1. Out of A:Phe132, A:Phe155, A:Phe179, I need the residue that is closer than 30 Å to A:Asp15 by Cβ and surrounded by fewer than 20 Cβ atoms within 10 Å (Cβ to Cβ). Which one?
2. Please work out which residue is surrounded by the most Cβ atoms within 10 Å (Cβ to Cβ), limiting yourself to the stretch B:123-163 and to residues that are within 14 Å of chain A (Cβ to nearest Cβ) and among the β-branched types (Val, Ile, Thr).
3. Considering only the stretch A:97-111, I want to know if a residue exists there that is in contact (Cβ under 8 Å) with a residue 12 or more places away in the chain, on the phi < 0 side of the Ramachandran plot, polar (S, T, N, Q) and open to solvent by 50 Å² or more (accessible area, probe 1.4 Å).
4. For residues that are of a type outside the set (A, V, I, L, M, F, W, C), more than 7 Å from chain A (Cβ to nearest Cβ) and in contact (Cβ under 8 Å) with a residue 40 or more places away in the chain, scanning just the stretch B:58-92, find the one that is most open to solvent (accessible area, probe 1.4 Å).
5. Farther than 28 Å from B:Ile58 by Cβ and at the interface with chain A (Cβ under 10 Å from one of its Cβ atoms), is that true of B:Phe196?
6. Could you say which residue among B:Gln139, B:Gln175 is over 24 Å from B:Ala92 (Cβ atoms) and over 21 Å from the mean Cα position of the chain (by Cα)?
7. Of the conditions (1) free of Cβ contacts under 8 Å to residues at least 12 places away in the same chain; (2) farther than 21 Å from A:Ile168 by Cα, B:Leu213 fails just one. Which one is it?
8. So which of A:Leu144, A:Leu209, A:Leu151 ends up being in contact with a Cys (Cβ under 6 Å, 6 or more places away or on another chain) and either modelled with pLDDT under 95 or more than 10 Å from every other protein chain (Cβ to nearest Cβ) (or both)?
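The values are calculated or read from the model by the stated rules, or taken from the named source; none is laboratory data. The model shown is predicted, which means the values in this text are computed figures rather than measured ones. Quick reminder, even Gly has a Cβ in these numbers, built from the backbone with ideal geometry, and neighbours come from all protein chains shown. The protein model used for the area step is the full one, side chains on, heavy atoms only, and it has no ligands, DNA or RNA in it. Shrake-Rupley method; radii C 1.70, N 1.55, O 1.52, S 1.80 Å.
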Amino acid sequence: MSYTFQFGVIAQYQDVILSGIWLTIKLSVMSIILGCAAGIVLASLRSVRGGVVRFLVDAYVEIIRNTPFLIQLFIVYFGLPGLGLRVGADTAALIGMTINLAAYSTEIIRAGIEAVHKSQIEAGEALGFTRFQVYRHVIIIPALAKVYPALCSQFVLMMLASSICSAISTNELAASAAFIESQSYRSFEVYIVVTLIYLALALCLRAVLALVGLWLFGRRVARRTATAVAEEAA
Amino acid sequence: MTFRTFGPDEFLFLLSGLQWTVLLTIIALIGGGVTGFLIALARVSSLQWLRIAAGTYIQIIQGIPVLMILFLSYYGLGLAGLDLPPLFAAGASMTVYASGYLAEIWRGCIQSVPKQQWEASESLAMTRAQQYRYVVLPQALRISLPSTVGFAVQVVKNTSIASIIGFVELARAGQLINNATFQPFRVFVAVAALYFVVCYPLSQLSRWLERRLHVGSHR
């Protein structure tokens, strides 16, 4: 093989890479917060109300979970303008990521809510808790603590999947890589470097999520989060 | 200037794209299944260095985007002087991707076989290979079915990423049709519907298997 690797070339594109990393982090953090909040609301709605609400939430979850993220992005970015809603690439990425993550979070949190034993709720009522207190202290917080590791795995997967947003011209990290490649023609080197950055981001995100878990739910949950490599959300 | 509209012919083109999606999924599941199985065995091996190596592989694959695996194999194979069609790069990277996740799923299944089963088979003077072959793996296989089918859904969806390196499967076929018709909403909803038609039955199968398994187990 006569090819010589030249990683030095990439150093001059430091700014492009840094701005890509920054947008990837911004999109991930915002979609995690919004998606998780939406997941809590939808999973709660679903458990409180039956009938039409439950059907609609389930339909939403199933549709999103059974179609590719790339196509969801295409519909948001290319499809919505046809309906009169024009959004920029960054906004489209954030909308797509939030819609996607909300569906997965709903499914995970639903499983947590269903795992709360009926006797716990009865015990809460027997202690004179109001419905809201029962919901808050007996149902949702223990449910979240139980599924937190699975949620975290999903968050990391979402951060990694944000690379797909480069296909709709969002200038995040993967798009930075494509740009540098088109300028320097050092494709393999660029993608090696960017892949390592993603790996570092994934490890950092996992560590941060474990700390957040420690702060929110205490030590037991944090340890499970740190050791969980890929808990199947399904 | 007139554009094509999204009609039956265009839909047929999408269906031909779907064939490639299915083929790529099958390649990924077979390739990733074989490699993933070996890595899962390495992950629970009695040799420490083998366990660490397999664990590192899994951590790396699960810590990088599928898109990066695709680009690396696409350009990497080119650098190695191999002039291969995109199907090969796509198949290779989906195999690598699937192996990292299947290995971890199956490791969990192997380890969830109760310890007494190992001890009982050991007391029958079985070799380690025999223990795997006759005692542990048949039970692990049963446990692994729901999550493996569930992961197959992820693979079907992630094959869409191969469109970014120019492999004409369902997502890429949708883009091509969209470029000719300029009816993005209609085209991509049709594409999404086709993915749904493949993925939803698999998801339901996974769920059904999981329910059945819970009924059968004594836990």
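1. Numbers: A:Phe132 fails: closer than 30 Å to A:Asp15 by Cβ; A:Phe155 fails: surrounded by fewer than 20 Cβ atoms within 10 Å (Cβ to Cβ).
Within the list A:Phe132, A:Phe155, A:Phe179, the selection yields A:Phe179.
2. Initial filter on the stretch B:123-163 (within 14 Å of chain A (Cβ to nearest Cβ)): B:143-163.
When the remaining residues are screened for being among the β-branched types (Val, Ile, Thr), the result is B:143, B:148-149, B:153, B:155-156, B:159, B:161.
On the way: B:Ile143: 18, B:Thr148: 20, B:Val149: 19, B:Val153: 22, B:Val155: 23, B:Val156: 23, B:Thr159: 29, B:Ile161: 27.
Top of the filtered list is B:Thr159.
3. We begin by selecting, within the stretch A:97-111, every residue in contact (Cβ under 8 Å) with a residue 12 or more places away in the chain; these are A:97-111.
Cutting the leftovers down to on the phi < 0 side of the Ramachandran plot gives us A:97-111.
Narrowing the set further to residues that are polar (S, T, N, Q) leaves A:98, A:100, A:105-106.
After this cut, where a residue has to be open to solvent by 50 Å² or more (accessible area, probe 1.4 Å) as well, the list is none.
Scanning the stretch A:97-111, I find no residue that is in contact (Cβ under 8 Å) with a residue 12 or more places away in the chain, on the phi < 0 side of the Ramachandran plot, polar (S, T, N, Q) and open to solvent by 50 Å² or more (accessible area, probe 1.4 Å), so the answer is no.
4. B:Tyr74
5. Values: farther than 28 Å from B:Ile58 by Cβ: yes; at the interface with chain A (Cβ under 10 Å from one of its Cβ atoms): yes.
Criteria met by B:Phe196.
6. Details: B:Gln175 fails: over 24 Å from B:Ala92 (Cβ atoms).
Only one candidate qualifies: B:Gln139.
7. Unmet for B:Leu213, out of (1) free of Cβ contacts under 8 Å to residues at least 12 places away in the same chain; (2) farther than 21 Å from A:Ile168 by Cα: (1).
8. On the way: A:Leu144 fails: in contact with a Cys (Cβ under 6 Å, 6 or more places away or on another chain); A:Leu151 fails: in contact with a Cys (Cβ under 6 Å, 6 or more places away or on another chain).
Result of the check over A:Leu144, A:Leu209, A:Leu151: A:Leu209.
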